[in-house]
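A.B. asks: Starting off with a structure, shown below.
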Ligand code: SDX
């Protein structure tokens, strides 16, 4: 097993340590490179650069493998619940029954948000995007819980901040939806489990108790589990970067929500449905749109296709695609957009452009179809992605803090003007 890499610069060679992870991933540790050689490395988009060592999530992009704390995503999606997976990601092990019961009870006790926060909801224009509202509302939690601002919180205080955020996020998400349709908000009910409570706050009515369909609860658990973590993606890296400055959890998560909003990242699930709707309205001519996606002069991309790491099927997409058929059949819904999605996928997977670039459907390609079948409007899809990703973000922020990782501060190569003297404005040509 290699223990070092040797870098030759001119006549000088430098030995750099090799790091090997428990899944046999390999890295060259360059943390001392600039000190010993005066050189840094350059890697736009960090495509080849590891930011940290983590014990939370492992994925293999070539083999399409995804595991949370060593448990395959397929098993968790089939057998676990979102709350249990949140516990696993944050605390490292599957909870014993009494631990899970206490976790649920602690969360139930903190689902209410400060009544003054309702003024923030009323301050947003009615059509403002739910992701912008979510990011603002989450960072505003730090105003109501100033004790969360300290970077010297005890483990117990930090854990209470974590519980409060997990509990209140579901309330905030459901109330954003209620406000967007002009319906009265529904308060949390301690009799419900986490996902049922969220669905009741979202779809419940003041005038009558509603039955929450177990099919919908099961589908929501599966979707939230599949979104719960994904190692060092754009939004998680943002949470870690912001948290590395000793910034509080609420503000770190709010920054991650903003990063997730982008259509190249979590915003893709909304963009996929908008794309499929456009293709449907255009007569369902998938060949025409595949041609557009391949055309370098056309900035159209096949949303929900391609991934920075998965160069094989995204294992989450496989599970969601199957869940699509199950949920729509059980709910007796036929969605023409699902047929277009399948036709598009079939065409792309046989097209050399996509095959050569190893572009496969990712987690966002089918998820929106299920969210729609469950009754969510398109502009809520990325907010649902954020609700699912919350335990992963929290786990990564907590690990970074526990490992006392340094403040994130990448270097650069300067390519600008070198020396210029100031000139008075009257002399500038
Ligand atoms: C998520 O990182 C994560 O883990 C993210 C995520 C998570 O759980 O956190 O998995 C969630 O963000 C999933 C990705 C959702 N985004 C989309 O579906 C948007 C559409 N996909 C892309 O824009 C793109 O595939 C990315 C952003 C996802 C990945 O981009 P990369 O790795 O930077 O790859 P690239 O843009 O350099 O593309 C490589 C080639 C290019 O062509 P060439 O220059 O080689 O000719 O593939 C082409 C691209 O033009 N390409 C596409 C394409 N995706 C890449 N062409 C058409 N349609 C696409 N979707």
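The values are calculated or read from the model by the stated rules, or taken from the named source; none is laboratory data. Note that the structure is predicted; figures quoted are calculated from it, not measured. Note that we place each Cβ from the backbone using ideal geometry, even for glycine, and neighbour counts take in every protein chain shown.
A.B. asks: Just to verify a result, which residue in the stretch 221-246, among those that are touching a helix residue (DSSP H, G or I) at 6+ places or on another chain (Cβ under 8 Å) and outside any helix (DSSP H, G or I), is surrounded by the most Cβ atoms within 10 Å (Cβ to Cβ)?
C.D. replies: By that ranking, first place goes to 229.
A.B. asks: Shifting gears a bit: Quick check on my filter: what residues within the stretch 247-284 are within 16 Å of residue 139 (Cα to Cα), within 11 Å of the ligand (Cβ to nearest atom) and buried (at least 24 other Cβ atoms within 10 Å of the Cβ)?
C.D. replies: Residues satisfying the conditions are 256, 260.
A.B. asks: Is it true that residue 189 is in contact with a helix residue (DSSP H, G or I) (Cβ under 8 Å, 6 or more places away or on another chain), part of a loop (DSSP other than H, G, I, E, B) and either more than 16 Å from the ligand (Cβ to nearest atom) or at positive phi (or both)?
C.D. replies: Against the criterion (in contact with a helix residue (DSSP H, G or I) (Cβ under 8 Å, 6 or more places away or on another chain), part of a loop (DSSP other than H, G, I, E, B) and either more than 16 Å from the ligand (Cβ to nearest atom) or at positive phi (or both)), residue 189 qualifies.
A.B. asks: State all residues of the stretch 305-319 that are near the ligand (Cβ under 7 Å from one of its atoms) and farther than 16 Å from residue 234 by Cβ; if no residue qualifies, say none.
C.D. replies: Answer for the stretch 305-319, where residues must be near the ligand (Cβ under 7 Å from one of its atoms) and farther than 16 Å from residue 234 by Cβ: just 305.
A.B. asks: Right, next: Name the residues in the stretch 285-302 that are touching a residue at least 24 places away in the same chain (Cβ under 8 Å) and away from the ligand (no atom under 11 Å from the Cβ), would you?
C.D. replies: Correct list: 286, 287.
A.B. asks: While we're on this one: Looking at this structure, is residue 89 touching a helix residue (DSSP H, G or I) at 6+ places or on another chain (Cβ under 6 Å) and closer than 19 Å to residue 309 by Cβ?
C.D. replies: Answer is yes for this residue.
A.B. asks: Among the residues of the stretch 353-371, is any exposed (fewer than 11 other Cβ atoms within 10 Å of the Cβ) and touching a helix residue (DSSP H, G or I) at 6+ places or on another chain (Cβ under 8 Å)?
C.D. replies: Checking the stretch 353-371: not a single residue is exposed (fewer than 11 other Cβ atoms within 10 Å of the Cβ) and touching a helix residue (DSSP H, G or I) at 6+ places or on another chain (Cβ under 8 Å).
A.B. asks: Name the strands (runs of 3 or more DSSP E) wholly within the stretch 1-112 that hold at least 3 residues that are closer than 22 Å to residue 315 by Cβ?
C.D. replies: Correct list: 57-60, 65-68.
A.B. asks: With the structure loaded, tell me whether residue 394 is away from the ligand (no atom under 14 Å from the Cβ), part of a helix (DSSP H, G or I), outside the structural domain of residue 163 (by TED's automatic domain parsing) and buried (at least 23 other Cβ atoms within 10 Å of the Cβ) or whether it fails that test.
C.D. replies: yes
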